[in-house]
1. Say R0 is 30 Å: what FRET efficiency, to the nearest 0.05, do GLU71 and GLU43 get from their beta-carbon distance?
2. So, for the chain, what is the accessible surface per residue at a probe of 1.4 Å, expressed in square angstrom?
3. Over the chain, what relative contact order in percent results from Cα pairs under 8 Å that are six or more residues apart?
4. With axes computed from alpha carbons, what is the tilt in degrees of helix 365-382 against the longest principal axis of the chain, rounded to the nearest 10 within 0 to 90?
5. State the volume of the convex hull built on the alpha-carbon positions of the stretch 302-376, expressed per residue in Å³ and rounded to an integer.
6. I'd like to compare 120-129, 156-165, 407-416: which one has the highest average count of other Cβ atoms within 10 Å, and what's the full order after that?
7. What distance in nm separates the simple spin-label points at LYS84 and GLN244, each placed 7 Å from Cα in the Cβ direction?
8. Between the alpha-carbon centers of the stretch 421-492 and the stretch 190-262, tell me the distance in whole angstrom.
Amino acid sequence: MNTILEQFKDKINGTFAFFDRMIIKGHIRQFFSASGKGFFLSEQNVLLKDFSAYANQVTSDIVAHVEKMAEETHRPLRYLTSAKIPKEQTAMEILKDDPVEEGLVCILSVVEYCQTLQPIKNKDGKLELRNVDRKCKYYYLYYLDKHFGFMHVKLQTWFPFLIQIYINGREMMKHVFDENGIAYKMYDNSFYEISNIAKAQELADKFDSKSLCRQLDLFAHKVNPYLDTIEKTFHQGYYWCVDQCEFATDVMFKSREALKDIYPSLVGHAFYDFRCTDVFSFLGRKLDPKFQGEAVSDYRKRPAGWRIKFKMKSNSIKMYDKFSCLRVEMTINDPREFKVYKDVHHQDGTVSKRWVPMGKSISNLYRYAEVSKAANRRFLDSLQGIVPAGSIEREINEVCGKRTVRGKTVTGYNVWSKETMQLFETISDGKYLIRGFTNKDIRSILYPQSQSDKKVRGKMSRTLSKLRAHGLIRKIPHSRKYLVTDKGRRVMGALIETKRKIYPDLAAS
């Protein structure tokens, strides 16, 4: 396949694939079951009628502990008047004004909506400890960590003390590269130059979720002093779940100019040639008529440039550029759309390995990486026959002129005529990308009323011969099917993009 990685290998340094943003949440699972809550209160000798006073005291202890952390480290503790204030931007401004090399950067407190525990009377008039929605104080503790780089821990100060930890995979790998003597250059959270790409990817592939889990436990103990009591009661602490995960593959071009020359063609190819249902292929799924959900393609202009995104339910894959990096990024919000091979325990006590829907447990993080890396690769492999903008004009001019093939003169195309453009749009349809098309397929679309007419069949045969003579299509050996060639995809893709995008813009202006 003539993919962009092969086609432009002389302009590409290599690729690097690893996690980008990871949002990991910690839950005390026993607080979400009636038996677990009852057992906890029994162990603490707390009656339901006294729970509110007890919970207030625990919250006061946590607040005092966090505020003491800020005091002892001489770092800012700032209250935010609204949950809408950008917290990461606030922390970065504090770091810029009051820099620190390692450790706590600042603590931000804010009141947000949450789910907490509260005694409520049931229909029989008896108290029950239920999960209710209300507001409570949260702390955002921002760190410059020696393992994770710039990160934050979000702590709920009321029962059930949910915790959320934000980690950036690129920040994490910076420290791994430093420890292993790998030089690198970054731009806006992407590596655009790595001295030893093979070694860097090898280190990234060795990422261990068990080690990550231990480090998360250390952070949890650091910020929540009540965790010791919880672990003593339940003999376990937080259960870590992956709430959201982004996995990015960066194609590192040798210069910004090299990427800039082909990026408009990449975006145009992805937008005009791919359909929203192609996201099934990218994510390794079959298009099932029973599928319930949305499959969406989204094309958007950002201040930094164009971004194209394909979404299936709540999971998505997108492409955008960062300086000299072409980034393809997979985002998993609902892992149950994918499978993981694991032990399944049966009622008779036996255990067998099966492919089952993937859960959010942090132990499945290796599978998140496998699924995302494969999806990104499939997306990159689908970007074929891309031509830099300056080279397309020459090929279009060749198609417009006459050609002599085996002693016969073949006329050129009036590429802007209605009939020619309709023909190009029909054979460029993404559904023919893999299986190809036949004379009948195209004839039934261009001449639906008279497709069985002998004259129409002959005319279509001559049309296909002309397309072959100009190198726009090729015949599949030992079949009656045709495929669009790389040249055909380049030429017709450029003409279709010009018609659909540039002409409407000119008319509007």
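The values are calculated or read from the model by the stated rules, or taken from the named source; none is laboratory data. These numbers were taken from a predicted model, which means no experiment stands behind them. Methodologically, a virtual Cβ is constructed for each residue, glycine included, from the backbone with ideal geometry; neighbour enumeration extends over all protein chains shown. Each accessible area value is taken on the protein alone, full model and side chains, heavy atoms only, with ligands, DNA and RNA left out. Shrake-Rupley method; radii C 1.70, N 1.55, O 1.52, S 1.80 Å.
1. Numbers: r = 32 Å, r/R0 = 1.08.
That gives a FRET efficiency of 0.40.
2. Details: 26510 Å² over 509 residues.
The answer is 52 Å² per residue.
3. Numbers: 819 pairs, mean separation 76.5, N = 509.
For the chain, the relative contact order is 15 percent.
4. Value to nearest ten degrees: 20.
5. Once divided by residue count, the hull of the stretch 302-376 is 105 Å³.
6. Numbers: 120-129: 10.2, 156-165: 21.5, 407-416: 12.9.
Listed from highest to lowest mean packing, they are 156-165, 407-416, 120-129.
7. 1.8
8. If you average the Cα positions of each part, the centres end up 48 Å apart.
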